[in-house]
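S.K.: Here it is: the structure, laid out below.
None of the figures in this text is laboratory data; all of them are computed from the coordinates on show. Keep in mind that this is a model prediction, so the values were computed, not measured. Heads up, the Cβs are rebuilt from the backbone with ideal geometry, glycines too, and the neighbour counts pull from every protein chain shown.
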Amino acid sequence: MQDQPSAGELAEAVRGFLEEEILPNLDDPRTRFRTRVAMNALSILERELEQEEGLLREELARLADLLGKDTATPETLEKLRERVIELNRDLARSIRHGEVPEGTLERLKQTVADKLKVASPDYLERYD
Amino acid sequence: MSENWTEDLDGPLTTLLDGPIEVERAELIPGGASKDTCVVDAVTPEGELELLVRRAAGGVIYSETLSLEQEYKVLQAAYEAEIKAPKPYGYLEDLAGREAVVMARLKGESVGRRVVQKPEFETTREILPEQLAEELSKIHAIPLEQLPSLPGARTEPAADYVLSTLEQELDTLEEPHPAIELGLSWLRGHVPASHGIVLNHGDFRVGNFMVDEEGLVGILDWEFAHLGDPAEDLAWPLVRAWRFGVDHLRLGGIGEVEPYLEHYNTLTGRRITFEELFYWEVAGNVRWAIGSLNQAKRHLSGQERSVELAVIGRLASEVEYELLSLLERGS
């Protein structure tokens, strides 16, 4: 086990540094913009470190349900990621061949909403 | 990125513009990722010229991006057809090792967020939908024989070509995206009536419209011009990503779709319907979802390292969400 700070806390520290010490000293609009983008990238990372595993488990459950597959959850995070990619590949292939399992749209929308919780949490508020 | 090509413009511009000219200012500006853009002020015997020099920078967003030479020829045809577009001055085959185009620098605002939000453009936003319809009607009327060889559909319905291109681009990503597949599946099942094959601007949306307080100044960025159904071009500015936060105004965050579509139909004699526009709006979201993922690919492959491109890949999920919301409405 690594010592403190955690990975998320390190990302947060870098983001705070960019915001408080770098950004105020930048004049070039292009570099300012890119610094803000970099800060955004770090906050995505922070949210992902916190939420990834839980969101992947939910995605796996939805995919397994749609495809009628085994719902046993892999033990490691690495295996979980692999399994989710594999089932997404199966679902994508199936849709390409004209076979769209009942409930696909609804479940995919939940999964994409979950991706947004990490990538762009404010975006969902723009839908009513 | 090598930036010193801007220091050596006197020679090429003198040849191109039948000199003698002197470059007073040459400054790279932030902009499109696939091209470098340089602001140039040049003094000629006839007076000062305000120019933009666009030079190839390596990467492309879509597989079918035009070369600068093709883009120049399209711009020339558009300018001759009296479409509001920057005056093209010439094509340079070799500007410090890469091709470049020299064109007039239009004055105004093109940054999407400012165009849709700034109070001083309120009058502009009122008249813009009809102005856009008018320009698009002229673009779609350019005789194809006046254009260089362009990518795109050769036979009707153009949707077939668009769908197979999108499928290929998705496959090139080599990762599964069931949401985008679902969009493609819906598109395959709902191909609308064809309205012929015309020149498409290819990136006709807020962000590529230069405006001032009086209205439209010019249509920019012709690098995605191709042959396709006119409704494809007409629907592209409806895609939510191009509303820049003003989501309730479906035409690019500036206005309603009705006056725009009606004006276009009146000017062209075509009868494009809301349903057909909806179809192409779905197609546009599929295209931009893939486009966003491709941006990240350019970063990851090392073609163009950029934190900006990297983050755009993650924002593909916004486009996927919009796509699925449209499919809900369309089912």
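S.K.: Please compute, over every Cα-Cα pair in the range A:7-126, the percentage with a separation greater than 25 angstrom.
M.R.: Roughly 41 percent, rounded to a whole number.
S.K.: How far is helix B:68-80 tilted, in degrees, relative to the longest principal axis of the Cα atoms in chain B, given as a value from 0 to 90 rounded to the nearest 10?
M.R.: Once rounded, the angle reads 90 degrees.
S.K.: Hey, another quick one. Counting Lys +1, Arg +1, Asp -1, Glu -1, what net charge surrounds A:Asp122 among other residues with beta carbon under 13 Å of its beta carbon?
M.R.: 0
S.K.: Once you place label points 7 Å from the Cα toward the Cβ at B:Leu300 and A:Asp65, how far apart are they in nm?
M.R.: In this crude spin-label approximation the distance works out to 2.8 nm.
S.K.: Starting from the Cα of B:Asp18, step 7 Å along the direction of its Cβ; do the same at A:Glu50; then give the gap between the two resulting points in nm.
M.R.: Taking the two extended label points, one gets 6.6 nm.
S.K.: Between B:Asp94 and B:Glu82, what length in nm is gained on full extension when 0.36 nm per residue of separation is reduced by their alpha carbon distance?
M.R.: Length gained, B:Asp94 through B:Glu82: 1.4 nm.
S.K.: Between B:Leu173 and B:Glu46, what is the FRET efficiency for a Förster distance of 60 Å, r being their Cβ-Cβ separation, to the nearest 0.05?
M.R.: 0.75
S.K.: What FRET efficiency comes out for the pair A:Asp122/B:Arg271, r = Cβ-Cβ distance, R0 = 41 Å, nearest 0.05?
M.R.: E(calc), rounded to 0.05, equals 0.55.
S.K.: On C-alpha positions alone, give me the angle between the axis of helix B:178-189 and the longest principal axis of chain B, in degrees, nearest 10.
M.R.: Result, in degrees: 80.
S.K.: Something else: For a 24 Å ceiling on Cα separation, which of these pairs sit above it: B:Lys84/B:Lys297; B:Lys84/B:Lys118; B:Lys118/B:Lys138; A:Lys115/B:Lys35; B:Lys73/B:Lys138; B:Lys35/B:Lys107?
M.R.: With Cα atoms farther than 24 Å apart: B:Lys84/B:Lys297; B:Lys118/B:Lys138; A:Lys115/B:Lys35.
S.K.: Per the Debye formula with a single identical scatterer at each Cα and no solvent contribution, what log10 I(q)/I(0) holds for chain B at q = 0.14, 0.16 Å⁻¹?
M.R.: So the normalised log intensities are -1.18, -1.52.
S.K.: Starting from the Cα of B:Gln117, step 7 Å along the direction of its Cβ; do the same at B:Glu262; then give the gap between the two resulting points in nm.
M.R.: 3.1 nm
S.K.: Which angle between 0 and 90 degrees, to the nearest 10, do you get for helix A:29-67 versus the longest principal axis of chain A when only C-alpha atoms count?
M.R.: Result, in degrees: 20.
S.K.: Among all the lysines, which ones have a C-alpha under 18 Å from A:Lys109's C-alpha, if same-chain residues fewer than 8 places away are not counted?
M.R.: A:Lys117
S.K.: Across all directions of projection, what mean area in square nanometres is found for the Cα convex hull of the range B:203-260?
M.R.: Taking the Cα atoms of the range B:203-260, their convex hull projects to 4.4 nm² on average.
S.K.: Now a separate question. What number comes out for the charge environment of B:Leu326, summing +1 per Lys or Arg and -1 per Asp or Glu over other residues with Cβ under 12 Å away?
M.R.: 0
S.K.: Tell me the net charge near A:Pro74. Cut-off is 13 Å between Cβ atoms, A:Pro74 excluded, with +1 for each Lys or Arg and -1 for each Asp or Glu.
M.R.: -2
S.K.: When the convex hull of the C-alpha atoms of the protein assembly as shown is computed, what volume per residue in Å³ does it have?
M.R.: 161 Å³
S.K.: Quick check on chain B: helices-only [θ] at 222 nm, where DSSP H runs of length 4 and up contribute -39,500 (n - 2.57) each and the sum goes over total residues. Nearest 500, please.
M.R.: Mean residue ellipticity, 222 nm, calculated: -13000 deg cm²/dmol.
S.K.: Would you please give the FRET efficiency between B:Lys107 and B:Leu28, computed as 1/(1 + (r/R0)^6) with r the Cβ-Cβ distance and R0 = 25 Å, to the nearest 0.05?
M.R.: The formula returns an efficiency of 0.85 here.
S.K.: Nearest 500 deg cm²/dmol is fine: what mean residue ellipticity at 222 nm does chain A get from its DSSP H runs of n ≥ 4 alone, each adding -39,500 (n - 2.57), divided by its residue count?
M.R.: The per-residue figure over chain A is -23500 deg cm²/dmol.
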